[in-house]
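Chemist: Below is one structure. I have some questions about it.
The values are calculated or read from the model by the stated rules, or taken from the named source; none is laboratory data. Since we're looking at a predicted model, the values are computed, not measured. Here the Cβ positions follow ideal geometry from the backbone for every residue, glycine too, while neighbour counts run over all protein chains shown. Surface accessibility is based on the protein's heavy atoms, side chains included, excluding ligands, DNA and RNA. Shrake-Rupley method; radii C 1.70, N 1.55, O 1.52, S 1.80 Å.
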Amino acid sequence: MKQTTLLLILVSVFVSVNGQVPIAQDAFDGITANVWLDTDGNSIQAHGGQVQKIGDKWWWIGENRDGNRNICLYSSDDLYNWKNEGYAMRVVSTREMLDTDPYFKNLYGNLTRAEKDAVYDGIRSNRVIERPKLIHNEKTGKYIIWFHADDSNYGAAAAGVAIADEITGPYRFINRSRLHRLPDEEYGDEWYEAANYRGFARDMNLFKDDDGTAYIIYSSEENRTMFISRLNNDYTDLAVPQTPVGLAKNGVDFIRLFPGAQREAPAMFKYNGKYYLITSGATGWTPNQARYWMADEIFGQWKDMGDPCVSEPDIPYPAHLTFRTQSTNILPIDPANGKFIYMGDRWNSGNLKDSRYVWLPVFISPTGEISLHSVSNWDLSFLETINNVLGNLKTVNNK
Ligand code: GAL
């Protein structure tokens, strides 16, 4: 075969529908966060997302911001190159489609009319579907997605849940609901403690502990207060229901944290027996200052550890604005050996689908404090070198 013919074949195989040629990646951009293409050459749509290893692959779930609010899923062998696995959970454009479209009939066909109405109410296409997180239940074999399920004006402030037999779906939406709250007599008179804010669930995340117990972490009370609630053994609902109020006990079945602190975008991980919870402030799409807490027990005392981002004055991405990101997840690479990646969204409010992904190595000091630094163009081998080595770090480029 002539060389030019071979070249033409190769080019036509690799040029995507976008016309971009995907180049195999072997590093993370870090704070510079160029557009991250999938293996088809399309920009990855997995905002407010989460990455974890399930089976022998890494899976990245997140928000689609390109045309619809279906939940997207990608897979990878190496964390650098991501294959689009299609929509995990699809939203529905019309109520009729639940009865007529084969995809939706397959998932919801055996529901009653009222149950289908509830599905439509939860995942019709103008609903807000944000920060989806995936959890695998080893006992039931099911895959479950939890997400921030809201109305377009954020008035519902609910948590949504969907379930599938295969990791790639299709995920069947179960329902959306508000979550835990204190009994009325335990609330004070702060404005965010008013009755209409109790039980809110907006920005959220999941955490599975070493013993398989899973938790949902969520911003409640008009984003002023963080809650963590234990999930049931199936991971499909709260362990102790939200009603009747008072059945679930603060400090036992859930915990109400940092009232009035106004924290969002929670991301939890565990290292060396300690729990870490990184959060953002609440300023919409505009970046703000990160803050993290540490605890010996999830339903125990959480200690405010301050901003983990280390200031480096000469960079365009200031540390006091979390390097212009908002936390979405901490990716456990090798938790036993302290290897974690901070995943942040650099939102582009004018063009959300062009929001970028900022992945940074998590530094852990010998006494367990964490820090994030202005790292660019780095790869996984870097995690071998940083653990427990805290210093006066300048902008790092380890490639
Ligand atoms: C942010 C939140 C995002 C999204 C956004 C909407 O505070 O973290 O997930 O809800 O507000 O303005």
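Chemist: Which order do the peptides 148-156, 202-210 come out in when sorted by mean C-beta neighbours inside 10 angstrom, highest first?
Modeler: Working: 148-156: 16.6, 202-210: 20.7.
Top of the packing list down: 202-210, 148-156.
Chemist: Separate question: Name the most mobile residue of L134, L380, L179, meaning the one with the largest mean-square fluctuation, in a Gaussian network model of the chain with Cα contacts below 10 Å.
Modeler: Of L134, L380, L179, the Gaussian network model singles out L380 as fluctuating most.
Chemist: Quick one: divide the alpha-carbon radius of gyration of the chain by 2.2 N^0.38 Å and tell me what you get.
Modeler: On the way: Rg = 21.3 Å, N = 399, 2.2 N^0.38 = 21.4 Å.
For the chain, the normalised Cα radius of gyration is 1.00.
Chemist: How high is the relative contact order of the stretch 155-263, in percent, with contacts defined as C-alpha pairs under 8 Å that are six or more residues apart? If you can, show how the numbers build up before the last one.
Modeler: Values: 203 pairs, mean separation 23.8, N = 109.
So the answer I get is 22 percent.
Chemist: On a 1.4 Å probe surface of the protein chains, which of S381, S280 comes out largest in accessible area, and what is the full order? All intermediate terms of the calculation are to be shown ahead of the outcome.
Modeler: Values: S381 65, S280 5 Å².
Reading off the accessible areas and sorting them downward yields S381, S280.
Chemist: For the chain, what does the accessible surface come to per residue with a 1.4 Å probe? Please give it in Å².
Modeler: Computed with neighbouring chains in place, this is 43 Å² per residue.
Chemist: Tell me, what HN-Hα J-couplings in whole Hz come from the Karplus equation 6.51 cos²θ - 1.76 cosθ + 1.60 at θ = phi - 60° for each residue of the stretch 196-211, using x for Gly and Pro?
Modeler: 6, 9, 6, x, 4, 9, 10, 3, 8, 7, 10, 9, 10, 7, 4, 8
Chemist: Treat the stretch 141-221 as a sphere of radius equal to its Kirkwood radius over Cα pairs and apply Stokes-Einstein at 20 °C in a medium of 1.002 mPa s; give the translational diffusion coefficient in µm²/s, rounded to a whole number.
Modeler: On the way: Rh = 14.1 Å.
Stokes-Einstein gives a translational diffusion coefficient of 152 µm²/s.
Chemist: Under 8 Å for C-alpha pairs, at least 6 residues apart: give me the relative contact order for the chain, rounded to a whole percent.
Modeler: Details: 953 pairs, mean separation 47.9, N = 399.
With pairs under 8 Å counted, the relative contact order is 12 percent.
Chemist: With θ taken as phi - 60° and the coefficients 6.51, -1.76 and 1.60, list the Karplus ³J(HN,Hα) couplings across the stretch 338-343 in order, rounded to whole Hz; mark glycine and proline as x.
Modeler: For the stretch 338-343, the Karplus-derived couplings read x, 9, 9, 10, 7, 10 Hz, x marking Gly and Pro.
Chemist: Mind checking the alpha-carbon convex hull of the stretch 101-200 and giving the volume per residue in Å³?
Modeler: 140
Chemist: Rounded to the nearest whole Å³, what is the per residue volume of the convex hull around the Cα atoms of the stretch 35-108? Spell out each step's value before the answer.
Modeler: Numbers: hull volume 8.0 nm³, N = 74.
Expressed per residue, the convex hull around the Cα atoms of the stretch 35-108 is 109 Å³.
Chemist: Of the heavy-atom accessible surface of the chain (probe 1.4 angstrom), what whole percent is carbon and sulfur? Let's see the in-between values first.
Modeler: Working: 8280 of 17220 Å².
Reported share for carbon and sulfur atoms: 48 percent.
Chemist: List, in the order given, every pair from K139/K208; K53/K249; K105/K353; K53/K142 whose Cα-Cα distance in the structure shown is over 24 Å.
Modeler: K53/K249; K105/K353
Chemist: Apply the Karplus curve 6.51 cos²θ - 1.76 cosθ + 1.60, θ = phi - 60°, to the phi angles in the stretch 291-305 and return the couplings in whole Hz, x for Gly and Pro.
Modeler: 8, 10, 10, 10, 8, 7, 9, 4, 9, x, 7, 9, 9, 6, 9
Chemist: Among the trypsin sites (Lys or Arg not before Pro) within the stretch 239-325, which fall in a DSSP loop and have no more than 15 other Cβ atoms within 10 Å of their own Cβ? Intermediate results must be reported in sequence, preceding the final value.
Modeler: On the way: sites: K249, R256, R263, K270, K274, R291, K303, R324; in loops: K249, R263, R324.
Of the trypsin sites (Lys or Arg not before Pro), the ones in loops of the stretch 239-325 whose Cβ has at most 15 other Cβ atoms within 10 Å are K249.
Chemist: Enumerate the whole-percent occupancy of each 5 Å bin, from 0 to the last occupied one, for all C-alpha pair distances of the stretch 227-375.
Modeler: Over the stretch 227-375, the share of Cα pairs per 5 Å bin runs 2, 9, 17, 19, 19, 15, 10, 6, 2, 1, 0 percent.
Chemist: While we're here: Once amide H atoms are built 1.01 Å from N in the peptide plane, which residues 5 or more positions from R176, or in another chain, come under 5 Å H to H?
Modeler: Placed amide hydrogens put nothing under 5 Å from R176.
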